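In what follows, a single structure is set out as structure tokens and then discussed.
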Amino acid sequence: MTIMWKKLLLVFTLAATLSGCGYNAMQSQDEAANAAWSEVLNQYQRRADLIPNLVKTVQGYAKHEKDVLTQVTEARARVGSIQMDAAAATDENKLKQFSAAQNQLGSALSRLLVVSENYPQLKADQSFRDLQAQLEGTENRIALARKRYIDSVQAYNVTVRSFPNNLTAMMFSLKTRPNFTVENEKAISAPPQVNFDQQGK
């Protein structure tokens, strides 16, 4: 009977120690980050699903813009070839690769929308306008989902790095998670150059 009580006491002591050392908070925040990542993927998938219809609609009016249409299609294929689940999001290199592919797709879509400005009939087409509105809404949802993911990763990383939680994290090999970064950080941190010398020439 005493051995059983000692075992029970040991289990309760271990449980109390683990709950007071931040382990449960780290697990909870890790799960929150995984859920936020799933929402990021959900919104990127929504954008990818809109692209074939958008390309098809533009193709009907802008037959001479083959290069832009091809770039969008190829960028979408590159994004689709990268398998990113919550576990892959903890790998900094995979996250950078995924982010770069999504940025390329975003750039290709921007060029496609600029091209559409040259075709008044296309701009007037109701299905194109609907697709464009859905795409803009999706881009907003992507930005919001990324922000929520960034916030959840930040909360998790702060917990993992804070004392005494960092001791628990080391004991269980829990590491900080990588987060989204801006590829051209130097370029966007530089002040914009404004030059009016060419105006009116």
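The values are calculated or read from the model by the stated rules, or taken from the named source; none is laboratory data. The shown structure was predicted, so the numbers you read here are calculated from the model rather than taken from an experiment. Heads up, the Cβs are rebuilt from the backbone with ideal geometry, glycines too, and the neighbour counts pull from every protein chain shown. Each accessible area value is taken on the protein alone, full model and side chains, heavy atoms only, with ligands, DNA and RNA left out. Shrake-Rupley method; radii C 1.70, N 1.55, O 1.52, S 1.80 Å.
Listing for the model above:
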| quantity | calculated |
| --- | --- |
| Volume per residue of the C-alpha convex hull in the range 56-170, rounded to whole Å³ | 103 Å³ |
| Solvent-accessible surface (1.4 angstrom probe) belonging to D49, in square angstrom, nearest 10 | 90 Å² |
| Cα-centre dipole for the range 43-95 with unit charges at Cβ (Lys and Arg positive, Asp and Glu negative), debye to 20 | 280 debye |
| Accessible surface, 1.4 Å probe, highest first, among residues Y156, Y61, Y119 | Y61, Y119, Y156 |
| With all protein chains modelled, accessible area of S127 [1.4 Å, Å²] | 60 Å² |
| Solvent accessible area, Å² - R129, 1.4 Å probe, full protein context | 100 Å² |
| Per residue, in Å², the accessible surface of the range 24-172 once ligands and nucleic acids are set aside, probe 1.4 Å | 56 Å² |
| Exceeding the 20 Å Cα-Cα cut-off - candidates K96/K175; K123/K147; K63/K123; K66/K96; K94/K175 | K123/K147; K66/K96 |
